[in-house]
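Any read-out appearing in this document is the output of simple, stated calculations on the displayed coordinates, not a laboratory observation. All values reported here derive from a predicted model rather than from experimental measurement.
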Amino acid sequence: MMKLSYDLHLHSCLSPCGDDDMTPGNIVNMAILKELDVIALTDHNSAKNCPAFMKLAKSMGIIAIPGMELCTMEEVHVVCLFETLEDVLNFDEYVYQNLIPFNNKESIFGKQQIYNENDEVIGNEPILLINATTISFDQVYDLVHDYNGIMIPAHIDKNSNSLLSNLGFVPPDSKFTCAELKDLKNLSNLKETNPYFNKCNIISNSDAHYLEHINEPIHFLYTETKEIKDILRALETISLNQLS
């Protein structure tokens, strides 16, 4: 078994709430400085900075997972992680078609910058990415699996844009087996009040929008290999005592 430090919820400057310094290159280099083993880029409703992120990470020798933070029609945030860049870009196309078409106003919401592997701006996304999509929470598990990905309800202990804050309960037909807490100190209470999570792997990520907020190597997962498919499988299937 390999022990890998992780931070699987990071926003680049493509997310309008992401700091301008959160370029793909800066994210990768900060993660290396912090000695993380595996990181994921999860911008709001978009994966358009994943190509640059993946190329830069590969050149620097750090494991990078392509992803997205999907906002459902109920405004529940879900971290979606994928096996390949092709998978996430295909998912990106589907999500974009289901994103409410409201133009971004940079003066209010912030820039939505797209970068290349040289960490240069090559475009701006005109549609506001922090809007809800027309995709319901109940659709997400099967939809993401169709694109060879996994779903992880995001920051479920937060009082906004989370499964428990927005829906107030876990839908009875839910299939997800991994969920994210912002603060692991809330884990005991979560399991007491929501028995569903007793059968889930619980992870904790930074949800960083600024470079300095990227996690130190304080959380770990265990996998058979460093292949992304094995990391995703571990997140969905390994026992709770193999996550920390």
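Taking amide H positions as placed in the peptide plane 1.01 Å from N, state which residues far from Ser46 in sequence (5 or more) or on other chains have amide H under 5 Å from it.
Here the answer is Glu69, since their amide H atoms fall under 5 Å of that of Ser46.
Top mean-square fluctuation among Val79, Val95, Val28, Gaussian network model of the chain, C-alpha springs under 10 Å?
Val95
Do the alpha carbons of any pairs in Lys3/Lys191; Lys3/Lys34; Lys3/Lys185; Lys175/Lys226; Lys48/Lys182; Lys58/Lys226 sit beyond 20 Å of each other, and which pairs? Please list the in-between numbers first.
Values: Lys3/Lys191 25 Å; Lys3/Lys34 16 Å; Lys3/Lys185 22 Å; Lys175/Lys226 25 Å; Lys48/Lys182 25 Å; Lys58/Lys226 13 Å.
From the list (Lys3/Lys191; Lys3/Lys34; Lys3/Lys185; Lys175/Lys226; Lys48/Lys182; Lys58/Lys226), the Cα-Cα distance tops 20 Å for Lys3/Lys191; Lys3/Lys185; Lys175/Lys226; Lys48/Lys182.
Restricting to the chain, compute how many DSSP beta bridges are antiparallel as a %, nearest 5.
So the antiparallel bridges in the chain amount to around 60 percent.
From the phi of every residue in the stretch 207-217, what ³J(HN,Hα) in whole Hz does the Karplus formula 6.51 cos²θ - 1.76 cosθ + 1.60 yield, where θ is phi - 60° and glycine or proline is x?
Values per residue, Gly and Pro as x: 6, 5, 10, 9, 4, 5, 8, 4, 4, 6, x Hz.
Could you work out [θ]222 nm for the chain from helices alone, using -39500 (n - 2.57) per DSSP H run of at least four and dividing by all its residues? Round to the nearest 500 deg cm²/dmol. Walk me through the numbers on the way to the answer.
On the way: 7 runs with 65 residues, N = 244.
After summing the helix terms and dividing by the residues of the chain, the value is -7500 deg cm²/dmol.
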